[in-house]
Amino acid sequence: MTGRLRLELQSHGNESAGIPVRVEVMDPAMRPVAAVWGQTPGQVDLSLEAGLYAVRVAVASGRNVALVARVNDEEDTTLPVPLYDLSPHEGHEWAYFTQPMARPSHRTLADQPYEGAWLRLWQHEDEGWRPMPIPEADVERLSGGADGITYRFRPPANRPCLLQTGGAQVPWRCTALPPADGIFVMIKPAETGADYPLDVVVSSGNWRVQTLLSLLRRGDTAGARDWDREARIAEKMLFSKMADPTAAAVGGYFLLRIRDFARLRNWANNLANWIGWMADGPIIHAWQLFAQADGDPERREALTAQARARLLEASARGFPLYTEGLRLLRDGLLGLHRTAKSEDREVEAALIRVAEYLSAADPSLPTTTFLAVAPERPDEEPRMGLPDDAEPMMFVYDVPFQEIVRQGLIPPGSRLVDLGETVEAVMEEDGTLRLDDGRAFHGQGELEVGAAAGEAEIPVAWKIPSLGAWLDDAADVLRSRSFSRIPEAREDRGDALPAGEA
Amino acid sequence: VTLLVPDDGAHDARTHALVIGVGGYRHLDGGLEEFEQVLEHVGLLRQLTSPPRSALAFAAWLQDRAPRLRTPLGSLEVLLSVAPGDDLKLPSGFVPGAARQAIEEAYAAWRERCDRHEDNVAVFFFCGHGLEKAEQYLLAEDFGANKLNPWAGAVAIDSTRLGFNACRARTQCFFIDACRNITSRMLLREPQATALEVFDHTTPESQFNLTAKAAARNEEAFGPPRGVSWFTQALLRALDGAAARPGDRGWTVETGGIAAHISEILAMVAGAEGGSGRCSCSTTGSTPLVDVDAPIVPVVLACSPQDANPAATLSWTPIGQGDGALERLGGPWRLETTAGMYQAAARFDDDRFRAAEAHVLATPPRITRTLPCEP
């Protein structure tokens with residue numbers, strides 16, 4: 001009396017292919033019947049006794065699609081599972097599937113809190129952290145609607161990098177980036193009332209690793225264990241530490257969390273030694289040493305001394321990539337500090353340093369994320385506004401017209417016409433777009449919000465006949481690569497704007 | 001009396017809880033023995049009305065649900081301080097007091113009870129003022145008694161938590177619900193507060209650790225005045241089934257389930273009242289805490305496109321087990337339903353929109369379902 005249930009795990013995004021999903025099948029009394037892993041998009045076949053079943057398909061973010069299926073005797077039943085429903089946009093699927101973050105917001109990036117919101121990358125060099133230019137070739141905008149932007153960045157390999165976001169009303173905040181060939185980033189409006197106005201999601205795109213990380217961050221240790229049993233992932237990640245040190249770090253944190261120190265072997269030590277730029281390796285190794293430091297007092301003292309050295313080493317390297325590491329670093333240093341009765345000055349200094357990061361950090365996010373003016377200056381109450389003129393940055397969505405004029409993308413005095421060529425405007429020297437009826441706008445976001453509010457005759461699309469280009473083309477230049485702000489308007493006006501189809 | 005459930009002295013596994021709610025701060029602005037606090041920014045701290053209510057709500061939950069706890073309730077001690085002018089009614093015979101010394105003594109006694117059996121469940125709950133520098137500090141009722149070192153009336157909670165790992169109880173739950181009006185930047189020096197026990201950093205975390213912390217930035221983000229804090233409301237909802245999952249023995253709330261869902265539940269609770277909240281959890285393993293009935297699940301049922309909603313007649317019918325059938329004119333429809341399988345349907349009196357139906361699995365913490373009714 002059995003039939004086959006085929007679950008079609010449906011997703012649409014190119015980037016979201018291959019993301020692990022957990023399938024649970026329950027009977028009408030909600031008792032578990034079967035549990036297996038699948039991936040997006042894909043199929044899962046189950047042989048079940050004839051009857052009615054509840055099917056829940058969950059992704060690592062905690063979101064799930066729950067359905068009901070009837071299985072008939074000796075029949076094949078196909079049940080489409082629209083995982084794409086979990087994301088408002090197919091280009092955002094990878095983020096909604098893998099990251100514990102807020103739901104879609106009622107706000108859009110055109111809204112006033114996001115006026116002039118920007119991002120930039122920092123990299124760590126011998127002299128310390130500095131903002132780095134992002135050439136157009138190293139950033140790909142995968143999707144770019146007002147509900148959220150997704151990017152793929154290609155930062156330099158094997159050195160710490162950070163993404164910083166800010167804006168006129170957006171506090172400056174840094175998010176550690178896992179070094180990878182291509183880093184996925186999604187920026188979207190946060191829900192009203194959230195601590196930080198933007199949701200910033202980053203991932204290396206290694207979905208097997210991301211799944212383990214997200215399950216751990218959400219506190220779903222049972223789910224993480226289950227995924228590890230399925231994929232034997234922790235050891236694989238640690239074993240391939242040279243190829244993917246950040247994956248190795250996630251594997252290490254997982255084994256620490258489940259207290260499986262034996263499986264850590266000597267890999268944590270190697271990770272700490274071989275990947276000298278990463279703070280996570282020494283932290284994992286320190287906690288492995290702490291765990292081994294029981295019994296014989298001499299051995300205990302020696303291992304504790306080694307662990308202390310590792311934690312100080314981690315602190316000297318900066319901050320770990322993962323929030324889990326930040327907590328373990330603080331806890332380890334706190335332990336040493338208390339044991340030394342506050343007399344170990346080196347430990348105390350390192351503890352104060354890591355506490356500054358923790359105070360400014362968002363502990364709910366998987367990758368280390370903290371409010372800061374600069375990576376080495378974490379601050380609970382950082383500044384808002386634009387970066388200094390000379391520092392490279394790019395806009396997220398709204399682009400102030402003033403910057404378009406300053407960058408010479410549209411000469412002041414240019415006439416603009418709307419799509420239907422019924423409304424005209426002029427771009428003034430100070431970046432005011434003045435319509436012929438006297439109304440004034442200062443950025444694309446303001447135009448969009450005005451148009452959405454139903455104000456009469458506010459066109460969103462404007463062309464510049466003298467340049468043969470669109471206003472949005474000019475905005476896109478400043479959204480697609482980094483640039484340095486220019487205090488005064490450029491002389492060579494209009495030369496930097498690629499001609500569009502206007 | 002502070003032991004609402006006296007220690008039964010059993011040597012079998014028990015749940016032992018220490019619940020602390022500090023709303024009255026004797027030496028802070030508005031306190032019974034108020035005086036000007038000059039150190040750092042301590043003068044910014046005021047009386048709170050939410051913590052004693054939150055602590056009592058949590059304690060009441062433990063007493064009410066005691067029969068369904070996986071590990072029977074062995075003891076429940078509650079320490080409270082109430083702000084002057086707060087008309088909160090305390091349990092009969094209850095003696096308020098949550099000064100550092102009282103907390104220290106209660107903690108030591110609770111620690112001893114928890115240590116009796118490795119299958120014990122240790123539950124620590126604190127609600128009140130907190131602040132963070134090298135670690136998180138919780139402020140006791142007598143915080144600020146010593147003008148030169150107000151921190152003498154505070155507890156270093158992260159060190160305390162790490163120290164408690166040495167307790168034999170394998171399941172250890174710490175719920176820290178703190179209102180943080182002073183930021184670390186405002187504190188120029190590290191607070192000189194001590195832990196409730198020393199700790200050995202080589203002691204591994206307990207087998208089933210659930211440490212959930214909420215740190216509201218100000219009183220508005222903390223909870224409604226004279227009400228239960230957002231975080232405690234979320235925690236109680238989680239324990240009542242919003243974080244439950246079905247298993248062979250019915251619906252159960254596990255430590256891991258609380259960790260996995262508390263942020264979403266907090267967003268539901270605080271968001272509904274125009275508040276906000278953020279919390280972080282750290283866990284090892286997952287173990288059942290309480291059995292619950294099939295939980296009540298908030299459901300939003302709507303039609304797509306949106307303008308189909310006013311014209312729709314929506315129905316919600318159980319399949320197998322669940323609540324009785326419901327029908328309503330016009331959507332979107334917000335309802336609360338028992339977890340289970342349902343058939344949702346939308347029908348229309350004219351052909352402007354297409355009738356639609358779908359099977360829906362209602363599981364906590366909440367679900368939203370849109371029926372495609374495009375013509």
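Overview of values
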read-out	value
Criterion: crowded, with 22+ Cβ neighbours inside 10 Å, small (Gly, Ala, Ser) and part of a loop (DSSP other than H, G, I, E, B) - qualifying residue of B:Gly324, B:Gly331	B:Gly331
Residues of region A:390-425 satisfying the condition of being among the aliphatic types (A, V, I, L, M) and not in a loop (DSSP other than H, G, I, E, B)	A:Met393, A:Met394, A:Ile404, A:Val405, A:Leu416, A:Val417, A:Ala425
Enumeration of residues in region B:226-276 that are of a type in the set (Ser, Thr, Tyr), within 15 Å of A:Asp220 (Cα to Cα) and facing chain A (nearest Cβ under 8 Å)	B:Ser263
Residue check for A:Thr246: in a helix (DSSP H, G or I), hydroxyl-bearing (Ser, Thr, Tyr), over 16 Å from A:Thr369 (Cβ atoms) and at pLDDT 80 or above	no
Any helices (runs of 4 or more DSSP H) falling wholly within region A:274-351 and containing at least 3 residues that are within 11 Å of chain B (Cβ to nearest Cβ) and either touching a residue at least 60 places away in the same chain (Cβ under 8 Å) or of a type in the set (D, E, K, R) (or both)	A:297-317, A:323-339
Top-ranked residue of region A:117-169 - restricted to ones that are assigned to a strand (DSSP E or B) and among the charged types (D, E, K, R), ranked as surrounded by the most Cβ atoms within 10 Å (Cβ to Cβ)	A:Arg120
Region A:63-78, residues that are touching a residue at least 24 places away in the same chain (Cβ under 8 Å), surrounded by 20 or more Cβ atoms within 10 Å (Cβ to Cβ) and touching a Lys or Arg at 6+ places or on another chain (Cβ under 8 Å)	A:Val71
Every residue from region A:15-31 that is away from chain B (no Cβ under 14 Å), in contact with a strand residue (DSSP E or B) (Cβ under 9 Å, 6 or more places away or on another chain) and crowded, with 16+ Cβ neighbours inside 10 Å	A:Glu15, A:Ile19, A:Pro20, A:Val21
Count of residues meeting criterion [polar (S, T, N, Q), surrounded by 16 or more Cβ atoms within 10 Å (Cβ to Cβ) and closer than 18 Å to A:Ala309 by Cβ] in region A:246-275	2
Which listed residue, of B:Gly97, B:Gly74, B:Gly93, is under 22 Å from B:Ala154 (Cα atoms) and touching a residue at least 24 places away in the same chain (Cβ under 8 Å)	B:Gly97
Count of region A:37-57 residues which are within 10 Å of another protein chain (Cβ to nearest Cβ) and aliphatic (A, V, I, L, M)	3
Residues being more than 9 Å from chain A (Cβ to nearest Cβ) and in a strand (DSSP E or B) - total across region B:277-314	16
Qualifying residue in region B:178-200 (condition: part of a strand (DSSP E or B) and either basic (Lys, Arg) or away from every other protein chain (no Cβ under 11 Å) (or both))	yes
Flag for A:Arg479 being within 34 Å of the chain's Cα centre (by Cα) and either over 24 Å from A:Met394 (Cβ atoms) or buried (at least 18 other Cβ atoms within 10 Å of the Cβ) (or both)	yes
Boolean, A:Gly219 is within 24 Å of B:Leu266 (Cα to Cα) and without any contact (Cβ under 8 Å) to a residue 60 or more places away in the chain	yes
Scope region B:21-71; condition crowded, with 16+ Cβ neighbours inside 10 Å, in a loop (DSSP other than H, G, I, E, B) and among the β-branched types (Val, Ile, Thr); matching residues	B:Thr49, B:Thr71
Options A:Ala34, A:Ala95; residue that is more than 14 Å from every other protein chain (Cβ to nearest Cβ), in contact with a strand residue (DSSP E or B) (Cβ under 9 Å, 6 or more places away or on another chain) and either closer than 28 Å to B:Ala259 by Cβ or of a type outside the set (A, V, I, L, M) (or both)	A:Ala95
Filtered residues of region B:72-121 (kept if among the β-branched types (Val, Ile, Thr) and crowded, with 20+ Cβ neighbours inside 10 Å)	B:Val78, B:Val82, B:Ile103, B:Val121
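Condition check ((1) closer than 28 Å to A:Pro160 by Cα; (2) of a type in the set (Lys, Arg)) across all residues:
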| residue | (1), (2) |
| --- | --- |
| A:Gln43 | no, no |
| A:Arg63 | no, yes |
| A:Leu67 | no, no |
| A:Arg70 | no, yes |
| A:Glu74 | no, no |
| A:His89 | no, no |
| A:Asp126 | yes, no |
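The values are calculated or read from the model by the stated rules, or taken from the named source; none is laboratory data. On a predicted model such as this, the values are computed, not experimentally measured, just so you know. Glycine gets a Cβ as well: all are built from the backbone with ideal geometry, and neighbour counts include every protein chain shown.
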